[in-house]
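The values are calculated or read from the model by the stated rules, or taken from the named source; none is laboratory data. Just so we're clear, the structure is a prediction, and the values are computed from it rather than from any experiment. Counting neighbours? That spans all protein chains shown, and the Cβs are built from the backbone with ideal geometry, glycine included.
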Amino acid sequence: MGTPIGNLSDITLRAVETLRGASLIAAEDTRRTRLLCQRHGIDRPLVSLHGHNEQARTVELIQRLQNGESIALVTDAGMPVLSDPGAILVKGAADAGIPVTAVPGPSAVVAALAISGLRGERFRFEGFPPRKPKALAEWLHRMAEEPAPVVCFESPYRLVKTLRAIQQELGEIPVVVGRELTKLHEEVARGSTSELLARYTQRAPQGEVTLIFQPKGAGGISD
């Protein structure tokens, strides 16, 4: 189920109805989900399901589903499975013959792409870039012939390092940084590799970052 990536009002009527009707809400971070539930008058029991306990928790949740309960799966922001937990539970339920339904909602991937100024007929989502310099360089080398925009998430603490690696491996290409999307201090910065590198070298970014770059065949970018 999709949950807000920032603004708590970005939730569908169907998502609210589903959360209210669920026997249990499985949440990546029960504290954040509890705030969302309080905002929308939802009073349902919560249980944690995150990267460290998903395997074990799935066994318990499948048993509850087989006993007739309904479970709403949510992560901290956006859709489960997209660089977030959830795949193990979804597969486990499907393998057990339990119906799994998607309740679509916000996604930082498509939100950032929609306001990037880059063409979005097709794009490549890569999750988080590798952290180690050699692996990062090899990853960018593989992206070099990609004609579609590449969308990924990045830590604000590693953004400058990643931009510098993009400059070294791919040169001057269109880059977009979406920071704190849908939140009070939302920022969308568009420009060349060197322009964005200079911007964030001078002023360190804060908050959640979605990074988009166009390795090859750029169709221009508008500020």
(request) Answer yes or no as to whether residue 5 is out of contact with any strand residue (DSSP E or B) (no Cβ under 6 Å at 6 or more places or on another chain), of a type in the set (A, V, I, L, M), under 28 Å from residue 185 (Cα atoms) and modelled with pLDDT of 95 or more. (result) no
(message) Need the failing condition index for residue 49 against (1) surrounded by fewer than 18 Cβ atoms within 10 Å (Cβ to Cβ); (2) under 20 Å from the mean Cα position of the chain (by Cα); (3) over 30 Å from residue 188 (Cα atoms), just the number.
(response) (1)
(request) Look through region 1-50, keep the residues that are in contact (Cβ under 8 Å) with a residue 12 or more places away in the chain and of a type in the set (Ser, Thr, Tyr), and return whichever of them is nearest to residue 71 (Cα to Cα). (result) 23
(request) Could you tell me whether residue 64 is among the charged types (D, E, K, R) and surrounded by fewer than 17 Cβ atoms within 10 Å (Cβ to Cβ)? (result) yes
(message) Among the residues in region 102-116, are any modelled with pLDDT of 95 or more, more than 26 Å from residue 14 (Cβ to Cβ) and either assigned to a loop (DSSP other than H, G, I, E, B) or among the basic types (Lys, Arg) (or both)?
(response) yes
(request) Evaluate region 131-141: report whether one residue or more is part of a loop (DSSP other than H, G, I, E, B), touching a strand residue (DSSP E or B) at 6+ places or on another chain (Cβ under 9 Å) and not aliphatic (A, V, I, L, M). (result) no
(request) Sort through 177, 151 and tell me the only one that's buried (at least 17 other Cβ atoms within 10 Å of the Cβ), under 17 Å from residue 208 (Cβ atoms) and without any contact (Cβ under 8 Å) to a residue 40 or more places away in the chain. (result) 177
(message) Condition first: under 27 Å from residue 79 (Cα atoms) and crowded, with 20+ Cβ neighbours inside 10 Å. Can you find one or more residues in region 180-200 that meet it?
(response) yes
(message) Take residue 43 and tell me if it is loosely packed, with under 15 Cβ neighbours inside 10 Å and either part of a loop (DSSP other than H, G, I, E, B) or within 22 Å of the chain's Cα centre (by Cα) (or both).
(response) yes
(message) Quick check on my filter: what residues within region 100-144 are within 23 Å of residue 76 (Cα to Cα), over 17 Å from the mean Cα position of the chain (by Cα) and exposed (fewer than 12 other Cβ atoms within 10 Å of the Cβ)?
(response) 101, 131
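The rows are residues; the columns are (1) part of a loop (DSSP other than H, G, I, E, B); (2) in the same structural domain as residue 139 (by TED's automatic domain parsing); (3) farther than 19 Å from residue 6 by Cα.
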site	(1), (2), (3)
152	no, yes, no
175	no, yes, yes
190	no, yes, yes
195	no, yes, yes
205	yes, yes, no
(message) Given (1) surrounded by 13 or more Cβ atoms within 10 Å (Cβ to Cβ); (2) modelled with pLDDT under 95; (3) not hydrophobic (A, V, I, L, M, F, W, C), identify the lone condition not met by residue 85.
(response) (2)
(request) Residues being touching a strand residue (DSSP E or B) at 6+ places or on another chain (Cβ under 7 Å) and either closer than 18 Å to residue 86 by Cβ or not assigned by TED's automatic domain parsing to the domain that holds residue 173 (or both): count how many of those fall in region 96-119. (result) 5
(request) Select from region 178-198 the residues that are under 19 Å from residue 149 (Cβ atoms), more than 17 Å from the chain's Cα centre (by Cα) and not acidic (Asp, Glu) and list them in ascending order. (result) 189, 190, 191, 192, 193, 194, 196, 197
